[in-house]
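Worksheet for the structure shown next.
The values are calculated or read from the model by the stated rules, or taken from the named source; none is laboratory data. Here the structure is a predicted model, which means the values were calculated and not measured. Cβ placement follows ideal geometry from the backbone for every residue including glycine, while neighbour counts extend to all protein chains displayed. Protein only, heavy atoms only, side chains kept; ligands, DNA and RNA dropped before computing areas. Shrake-Rupley method; radii C 1.70, N 1.55, O 1.52, S 1.80 Å.
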Amino acid sequence: MMKSLKDQLNKLVRFVPTWCLYVLGALPAPWLFYLGLTGGLGVDPVKAIEHRYGELALQFLIASLAITPMRRFLGLNLIKFRRALGLLCFFYVSCHLLVWLVLDVQIIAQILKDIIKRPYITVGMTSFLLLLPLAVTSNNASIRKLGNRWRKLHRLAYVAAVLGAVHYIWLAKGFQIEPLVYLAVVLFLLLLRLRLQPMRRLVS
């Protein structure tokens with residue numbers, strides 16, 4: 001019965017166009033901005049938007065990293081959506097960064113000072129810089145040109161995810177469970193990835 005359900009889900013996935021994920025995934029961005037403008041995000045809408053964008057970025061990054069383990073261990077093939085998930089992650093990371101730069105801090109000297117002196121901002125900026133080459137090379141031309149180096153380059157996503165989760169933990173005030181859960185999920189996916197590597201060597 002489980003195999004039948006898995007086959008049906010995989011068959012359904014083949015008929016869902018990737019652009020649907022791009023559209024649905026991007027919808028929260030303008031909606032959250034609208035809520036901020038109309039007072040729907042509390043007394044500090046800038047911080048609220050900044051936080052929500054960053055959280056969405058981490059969620060999309062985790063979802064993209066979960067694609068391979070889901071295919072290997074559950075038989076659910078969502079590989080066609082992995083690029084979209086990764087690009088949506090970068091989109092929300094960019095939104096998160098822009099809100100911080102343009103609406104929150106605004107002063108260039110203060111921005112540079114914060115990046116250097118505040119560890120949670122340093123870690124967050126490092127995560128963004130690691131994701132930048134991944135977003136730039138998320139196209140068929142780069143895959144063909146880089147070959148095996150493309151796969152090695154995109155392993156930086158795991159480092160970026162760990163740093164993003166650590167950034168979230170340091171950013172949270174006081175002890176909060178949610179940021180720790182994000183870090184635990186990222187580490188779990190990383191352990192699954194390490195477990196997959198020896199299997200691939202045995203198969204080859």
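Would you mind checking the tilt of helix 28-37 against the longest principal axis of the Cα atoms of the chain, expressed as 0 to 90 degrees and rounded to 10? Around 20 degrees separate the two axes. Relative to one another, the C-alpha centroids of the range 1-30 and the range 118-143 are positioned 26 Å apart.
For K145, give me every one of the lysines with a C-alpha distance below 22 angstrom, ignoring sequence neighbours fewer than eight places off in its own chain. Counting by Cα, and skipping residues close in sequence, K145 has these lysines nearby: K80. How far, in degrees from 0 to 90, does helix 156-171 lean away from the longest principal axis of the Cα atoms of the chain, to the nearest 10? Between the helix axis and the principal axis of the chain, the angle is about 40 degrees. Counting only alpha carbon atoms, the long axis of helix 82-98 and the longest principal axis of the chain meet at about 10°. Working from label points 7 Å from Cα in the Cα-to-Cβ sense, the A141 to Q8 distance is 4.3 nm. Of the solvent-accessible surface of the chain, computed with a 1.4 Å probe over protein heavy atoms with every protein chain present, carbon and sulfur atoms account for 69 percent.
Against the set (i) 18.6; (ii) 16.5; (iii) 17.0, the structure's computed Kirkwood radius over Cα pairs in Å falls on (i). Within the chain, the longest run free of exposed loop sites, counting chymotrypsin sites (Phe, Trp or Tyr not before Pro) that sit outside DSSP helix and strand states (H, G, I, E, B) and have at most 15 other Cβ atoms within 10 Å, spans 16-174. Scanning the chain for trypsin sites (Lys or Arg not before Pro) in DSSP loops with at most 16 neighbouring Cβ atoms within 10 Å leaves 1-154 as the longest stretch between them.
Accessible surface computed residue by residue for the chain, with neighbouring protein chains in place and a 1.4 Å probe, gives 62 Å² per residue.
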